[in-house]
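Since the structure comes first, as structure tokens, the remarks are kept for the end.
The values are calculated or read from the model by the stated rules, or taken from the named source; none is laboratory data. Small disclaimer: the values here were computed from a predicted structure and weren't measured. FYI the Cβ positions are ideal-geometry reconstructions off the backbone, even for glycines, and counts take in every protein chain you see. For the accessible areas, the whole protein counts, side chains as well, though only heavy atoms, and no ligand, DNA or RNA atoms are used. Shrake-Rupley method; radii C 1.70, N 1.55, O 1.52, S 1.80 Å.
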Amino acid sequence: MILKYELDNSAQDALPDGGDWWTLCYDTDAEAFYVDHEWDRADPLNPARNLVTGIRRYSNATSWRGPGAERLANGMARLKDRARASRSK
């Protein structure tokens, strides 16, 4: 199971402007943390039609210094608590 905790985002409105999202993820099977950076962008040549989206995974969440880094310790604790709670059910 993958549990998620939002670290930060830069989305202000719905598309076409798009935005960025940084999410702390916890893979409960592997007992490993990683950070996903997702983005949506309007194509500057045709902002009404074409959308550029992507995701980049950073496998070493413990050394994350990007957006939301100040929330990392709290996020890790919360995700571990959620994982323990889901196992006890």
Review point. Non-local amide H neighbours of Ala11 (under 5 Å, H modeled in plane, Pro and chain starts lacking H): which ones?
Key: Asp20
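What is the sum of charges, Lys and Arg at +1 and Asp and Glu at -1, for the other residues whose Cβ falls under 12 Å from the Cβ of Thr23?
On the way: positive: Lys4, Arg56, Arg57, Arg71; negative: Glu6, Asp8, Asp20, Asp36, Glu38.
Charge balance in the 12 Å sphere: -1.
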Point to revise | Nearest-ten-degree value, helix 72-87 long axis tilted from longest Cα axis of the chain | key: 60 degrees
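If Lys and Arg each add +1 and Asp and Glu each add -1, what is the summed charge of the other residues whose beta carbon sits under 12 Å from the beta carbon of Arg87?
Values: positive: Lys80, Arg82, Arg84, Lys89; negative: Asp29, Glu31, Asp81.
Local charge sum for Arg87: +1.
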Exercise for review: Let me have the 222 nm mean residue ellipticity of the chain computed from DSSP H runs of 4+ only, each contributing -39500 (n - 2.57), with the sum over all residues rounded to the nearest 500.
Suggested key: -6000 deg cm²/dmol
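Roll a 1.4 angstrom probe over the protein heavy atoms and tell me the percent of accessible area of the chain that is carbon or sulfur.
Summing carbon and sulfur atoms, their accessible area is 48 percent of the total for the chain.
With a 1.4 Å probe and every protein chain left in place, work out the accessible area per residue of the chain in Å², rounded to a whole number.
Accessible area per residue: 67 Å².
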Review point. Taking K and R as +1 and D and E as -1, what net charge do the other residues with C-beta under 14 Å from the C-beta of Leu72 add up to?
Key: +1
**Study point:** ³J(HN,Hα), Karplus 6.51/-1.76/1.60, whole Hz, each residue of the stretch 23-32, x for Gly, Pro
**Key:** 10, 7, 10, 10, 8, 5, 5, 8, 6, 10
